[in-house]
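Remarks on the structure that follows.
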Amino acid sequence: MAQVTVDDDSDEDATAAEPAGAAEATDGVVFPLVGGHRSTSATGRAVLADAVRPVDPAFADQVTAQRDWHVAYLDAYRRMTELAVTAPDGAQRISAAGLASVHQRFRIRQAGQDLPLAEAMARPATHQPGLPALHTVTVRGTQPASPDLLSVPYHGGRLVAGDLDRQLDAWVEAGTAEPSFATAVRSVMVHPEWLDLRDVTVVLLGAGAEMGPFVSLVQWGAHVVAVDLPAFDVWHRLINQVRASSGSMSVPVSRWLPASASDDELAAAAGVDVIRQAPELLAWLAQVEGPLTLGNYVYADGAIHVQAAVAVDAVTQGLIEHRDDVSLAFLATPTDVFPVPLDVVEDSRRRYHDRTLARRFGRITSAGRLFAPNYDGVLEMPDGAQVGLNDSLVAQQGPNYALAKRIQRWRALHERSNGRLVSLNVAPATRTRSVVRNRALAAAYGGAHRFGVEVFEPSTSNTLMAALLVHDLRNPDAVANPATPLAHPTELFWQAANHGGLWRNAYSPRSVLGLAVVLGMVQRDA
């Protein structure tokens, strides 16, 4: 994503960013100026306060008064999630207010000016008068299209039919995934005709992402409108994958290409930066024939992740304001705060009761810091039903990551409540390149299995998540369908979740994370 100059210090009041007018940010979506600086902490804190103010003004004031946001955000996000469950219409009110705050506060910088999102998105620039900013090239596969059996790569082999069915049982028994996850995958298994996606168009924002469904969708014959950064290697890989499939791909290119252009020429011209070119991307997507599903798989590090999330949401809002044939798709991270069904809490407590003597001793000798129970109580919803609250936020990922992912959750809840089909599935912890680059997280993932958490390989995760997307698009009873009644709006999150074991684990993730890191490092160095 586009590089920007922002203050990302742990103490947001110690602003270290360049002041306005000096070495300014690259054009595109930017954090707003706060006291002459672009402070990620000040903005993240303000957005969360705005989100919760309609349901708890006193808590909003507490958030505003916080100084060390890189520490305080953990409790704030937990409390905001509690309010979404316990306050009347809390989920809808917080989501609407949070989105409104994002769109009111963030800016798009064009030609040296900071413009409101709505204003900038309404007037996309063009490279030349009378010509669109982006051109389209279509790449077609060479393989025949036909319904197929669901086949999932796993541990060097493939899970098909009976093997996949048994593995689904094993994941549920281990507490790795919810029973509804197995039910959804089995629905796809017994309906192989659902996998014939020749009638489906999916816009993939972040088409080259490791967790994205690109490979599966084109193998199943879908038309993918692929959006990713200009990067020859990424586009060369995507083009080759389409050529070897039964699907097709529409590609945004920065210049007109003749019909005789080679795949290498296409890869060199393909791509769009959603942060810098959000208005142009919106104009380009508005021309795509529908109906279509807009899938958000964009990821970046640090503050740039928030800018990308805001840019994507601006594109999303602009698209759905002008079209009624758009459904939405997201992947949620398990390292967040989620309301969970009461049976999840009870299962976790059984596992905690059965913990080993060594871990009981470890909790005592650490004065309660280690091996803390995953749940310390339950919450009562307005209708009297009870749910648990799973807090799997990982401090190492930071408040920018939390805000970027929460914007997606807000959009999902908001649009489903407005009658739009929304596929949002919790995906398991996965060994992606971004995780491997973070030494602490990579080590934690290496030791996670010691505490009942399965970390998946990217090919397994993205295939399973692609199958869930198909389920959500094809099955009229899926919770993605706004006509399907839910006990609470946040049920959208826990249905069909594969959390890797974080929800049903005996222990609070942060109480064993340090041990997982140590064990992972020892294992790696062994």
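The values are calculated or read from the model by the stated rules, or taken from the named source; none is laboratory data. Remember, it's a predicted structure, so these values are computed and weren't measured experimentally. Cβ sites come from the backbone with ideal geometry, for glycine too, and all protein chains shown count toward neighbours.
Taking first residues from the stretch 315-336 that are under 12 Å from LEU285 (Cβ atoms) and partners that are β-branched (Val, Ile, Thr) and part of a helix (DSSP H, G or I), the Cβ contacts under 9 Å between residues at least 6 apart in sequence or on separate chains come to VAL326/THR316; VAL326/ILE320. Could we say that GLY130 is modelled with pLDDT under 95 and under 26 Å from GLN287 (Cβ atoms) here? In short, yes.
Listed here are the residues, each with its yes/no results for (1) farther than 29 Å from GLN495 by Cα; (2) in contact with a Lys or Arg (Cβ under 8 Å, 6 or more places away or on another chain).
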residue	(1), (2)
SER146	yes, no
LEU168	no, yes
THR183	no, no
VAL202	no, no
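Screening the candidates LEU492, LEU468 for the property of being within 21 Å of the chain's Cα centre (by Cα) and closer than 23 Å to PRO192 by Cβ yields one hit, LEU468. When ALA466, ALA506, ALA440 are checked against the criterion of being under 26 Å from GLY388 (Cα atoms) and of a type outside the set (Val, Ile, Thr), a single residue qualifies: ALA506.
Can you pull out every residue in the stretch 202-240 that is more than 23 Å from GLY290 (Cα to Cα) and in contact with a Phe, Trp or Tyr (Cβ under 7 Å, 6 or more places away or on another chain)? ALA209, MET211, listed by residue number. Taking every residue in the stretch 133-152 that is in a loop (DSSP other than H, G, I, E, B) and pairing it with any residue that is aliphatic (A, V, I, L, M), at least 6 positions away or on another chain, the pairs with Cβ-Cβ distances below 6 Å are GLY141/VAL242; PRO147/LEU195; ASP148/LEU195; LEU149/VAL160; LEU150/VAL188; LEU150/MET189; LEU150/ALA467.
Does LEU403 satisfy the criteria of being hydrophobic (A, V, I, L, M, F, W, C) and out of contact with any Lys or Arg (no Cβ under 8 Å at 6 or more places or on another chain)? Criteria met by LEU403. Where residues in the stretch 40-70 are of a type in the set (Lys, Arg) and either at pLDDT 95 or above or touching a Phe, Trp or Tyr at 6+ places or on another chain (Cβ under 9 Å) (or both), which of them is nearest to VAL306 (Cα to Cα)? Looking at residues that are of a type in the set (Lys, Arg) and either at pLDDT 95 or above or touching a Phe, Trp or Tyr at 6+ places or on another chain (Cβ under 9 Å) (or both), I get ARG45. Search the stretch 78-96 for residues that are within 14 Å of PRO382 (Cα to Cα) and at pLDDT 95 or above and pair each with any residue that is of a type in the set (Ser, Thr, Tyr) and not in a helix (DSSP H, G or I) when their beta-carbon atoms are under 7 Å apart and the residues are at least 6 apart or on different chains. Sorted first by the residue in the stretch 78-96, then by its partner, the pairs are ALA84/THR490; VAL85/THR490; ALA91/THR490. Comparison of THR432, THR460, THR365 shows that the only residue that is β-branched (Val, Ile, Thr) and in contact with an Asp or Glu (Cβ under 6 Å, 6 or more places away or on another chain) is THR432.
Taking the listed residues ARG510, ARG504, ARG437, ARG433, the one that is surrounded by 24 or more Cβ atoms within 10 Å (Cβ to Cβ), farther than 16 Å from LEU331 by Cα and either under 22 Å from the mean Cα position of the chain (by Cα) or of a type in the set (Asp, Glu) (or both) is ARG504, with no other qualifying.
When ASP75 is tested against the conditions (1) free of Cβ contacts under 8 Å to residues at least 60 places away in the same chain; (2) over 22 Å from the mean Cα position of the chain (by Cα), the lone failure is (2).
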